[in-house]
Every structure is written in C-alpha cells, then in structure tokens.
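J.: Below you'll find the structure I mean.
The values are calculated or read from the model by the stated rules, or taken from the named source; none is laboratory data. Every value quoted in this text rests on a predicted model; they were computed, and no experiment measured them. Glycine gets a Cβ as well: all are built from the backbone with ideal geometry, and neighbour counts include every protein chain shown. Please note that ligands, DNA and RNA were not included when accessible areas were found on the heavy atoms of the full protein model with its side chains. Shrake-Rupley method; radii C 1.70, N 1.55, O 1.52, S 1.80 Å.
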Amino acid sequence: MAEKTFEGRRVLAIVTNYGVEQDELVVPVKHLRDKGAAVTVAAVTTDDIRTLVGDKDPGATVQPDLTLPEVDPDSYDLLLVPGGTLNADTLRLQDDAQRIVRAFSSAARPVAAICHGPWLLVETGLTEGRTLTSYASLRTDIQNAGGTWVDKSVVSDDTGSSTLITSRTPDDLPDFLREIEAALAPSAG
C-alpha cells in the first residue's frame, strides 16, 4: 500500500506566542510536513512561540511564519488549533483568530482543534448542534454553547458547514492525526 502524501495541500496552525502545549503544535506540524503538506504557523506577533509541556514546563521554541492579521484563510485546506490552557484562553479573544475560524467554516474547510483549542470554536459559535471532545474542563463550555461533549480520543463531526475534528490531550495525537489525514485525503494528490 502506498504511503499517503499530501503534496499540494496547505495547513494553517494558529497560536499565541506563549503557552501552546508543545506536542499539540510540534507533533502535527512535523507529521504533516513529513507527509508533504505545506504547514504555516501563524501567531499573534512575529516573536518566537514559547511552548509549554503540561501547561507549566518550558518546551520548544517555534518561529512563526506569519502573524494572524496576515493570514488569508482562503489559501489553506485545513486549520489546526492546538491547545494549552494559556494559549487557548488568549487565542479565543483574538479577533483575527475568530475571523480565520469563521472563514474556514464558511468555506466548508475542516477545522481540527485539540485539548483546550475547542474554546475558539465555542467563542465563534461553531459548536451549536455539533458533537465534540476536548480537555475535560471544557465540557460545560461546549454544552453551554449548544454542543454535545463526549469523552473520546477523537471526534470528527461533519454535520455542519465544515468538518470539526476534536481531540482531548497529547495522548490522543495518533487518533487526531489519523482524522486530519482523512480530512486532507479526498483531494490530496
């Protein structure tokens, strides 16, 4: 069986410059790049992204490719929203992050959010009538926003305008990446 490649596919990861959970950014970016996808990392500023491990220990430093205001959502096939409590809580208040998520939804392109990343989906109103998973502490937020929360390693909900892929923690990255690959595959070269 031939190895899946995603040549010609473009993925956008959006984060703040501090507090993103290291593996929820670094692992998907490396995985997708290794499979041939062009992955762009956009942050609030051009300063280095300081990741954390377990929301407290210093992690890897990542250089963003561009800033959130510079993002043209029409240029990408899939949106990745990593978690990390500090990152996700700050990201959901960024007007440009909300603009990007809404643009992906309006264009029926998939959005993949892990851990606390679904807070941005709550903030933009994309959870209403949808089934999601997340870090357990977001359960009430998702339910209050009209979504159904389930405790599964990954949920792919295609009942709305765009597919929402959600996952709970870095432990679930293999399942999360499998669903991201499935979302990219239909028009992969």
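J.: Taking a virtual spin label 7 Å from the Cα of Asp34 along the C-beta vector, which residues in region 134-178 bring their backbone nitrogen under 20 Å of it?
T.: So the set is 169-178.
J.: Just the number please: accessible area per residue for region 58-154, 1.4 Å probe, all protein chains included, in Å².
T.: 40
J.: For the chain, what is the charge dipole size about the Cα centre, in debye to the nearest 20, if Lys and Arg each add +1 at the Cβ and Asp and Glu each add -1 at the Cβ?
T.: 260
J.: Would you mind getting me the FRET efficiency between Glu70 and Asn144? Use the beta-carbon distance for r and R0 = 25 Å, nearest 0.05.
T.: Using R0 = 25 Å, I get an efficiency of 0.15.
J.: Something else about it: I'd like the antiparallel share, as a percent to the nearest 5, of DSSP beta bridges with both residues in the chain.
T.: On the way: 8 of 29 bridges.
Percentage antiparallel, nearest 5: 30.
J.: Further question on the same structure: Would you mind counting up the charge near Pro58? Only other residues with Cβ under 15 Å from its Cβ, with Lys and Arg at +1 and Asp and Glu at -1.
T.: Combined, the nearby Lys, Arg, Asp and Glu give -3.
J.: Rank these residues by their accessible area, most exposed first, probe 1.4 Å: Val26, Val39. Show your work: numbers first, answer last.
T.: On the way: Val26 55, Val39 15 Å².
From most exposed to least exposed: Val26, Val39.
J.: Counting only protein heavy atoms, what percent of the accessible surface of the chain is carbon or sulfur at a 1.4 Å probe?
T.: Answer for the chain: carbon and sulfur cover 47 percent of the accessible area.
J.: Calculate for the chain the 222 nm mean residue ellipticity that helices alone would give, adding -39,500 (n - 2.57) per DSSP H run of length 4 or more and normalising by residue count, nearest 500 deg cm²/dmol.
T.: Result for the chain: -8500 deg cm²/dmol, rounded to the nearest 500.
J.: Can you bin region 41-189 into rounded, prolate or oblate? Criterion: square roots of the alpha carbon gyration tensor eigenvalues sorted a ≥ b ≥ c, rounded for a/c under 1.5, prolate for a/b above b/c, oblate for the rest.
T.: Rounded is the answer for region 41-189, as its axis ratio a/c remains below 1.5.
J.: Continuing with the same structure: So who's got an amide H within less than 5 Å of the one on Tyr135, skipping anything under 5 residues away but keeping other chains? H placed 1.01 Å off N, in plane.
T.: Cys115, His116
J.: For Ala185 and Ala108, FRET efficiency with R0 = 22 Å and r from the beta-carbon atoms, rounded to 0.05? Display every interim value, and only then the final one.
T.: Details: r = 16 Å, r/R0 = 0.72.
After rounding to 0.05, the efficiency reads 0.90.
J.: Which is the longest part of the chain that has none of the trypsin sites (Lys or Arg not before Pro) sitting in a DSSP loop with at most 12 other Cβ atoms within 10 Å?
T.: Longest stretch, sites excluded: 57-189.
J.: Give me a comma-separated list of calculated 3J(HN,Hα) values for region 41-50, in order, Karplus coefficients 6.51, -1.76, 1.60 applied at θ = phi - 60°, integers in Hz, x for any Gly or Pro.
T.: Rounded to whole hertz, the list is 10, 10, 10, 5, 10, 7, 5, 4, 8, 9.
J.: Additional query: Where in region 25-54 does the amide nitrogen come within less than 12 Å of the point 7 Å from the Cα of Gln63, taken along Cα to Cβ?
T.: Label zone hits: 47-49.
J.: Which residues' amide hydrogens lie under 5 Å from the amide hydrogen of Leu52, considering only partners 5 or more residues apart or on another chain, with H built in the peptide plane?
T.: Gly19, Val20, Glu21, Gln22, Gly59
J.: Would you grab the residues whose amide H sits under 5 Å from the one on Thr163? Only those 5+ places off in sequence or on another chain, please, with H modelled 1.01 Å from N.
T.: Val111
J.: Using θ = phi - 60° and the Karplus form 6.51 cos²θ - 1.76 cosθ + 1.60, what ³J(HN,Hα) does each residue of region 175-184 get, whole Hz, x for Gly and Pro?
T.: 5, 4, 5, 4, 6, 5, 4, 4, 5, 7
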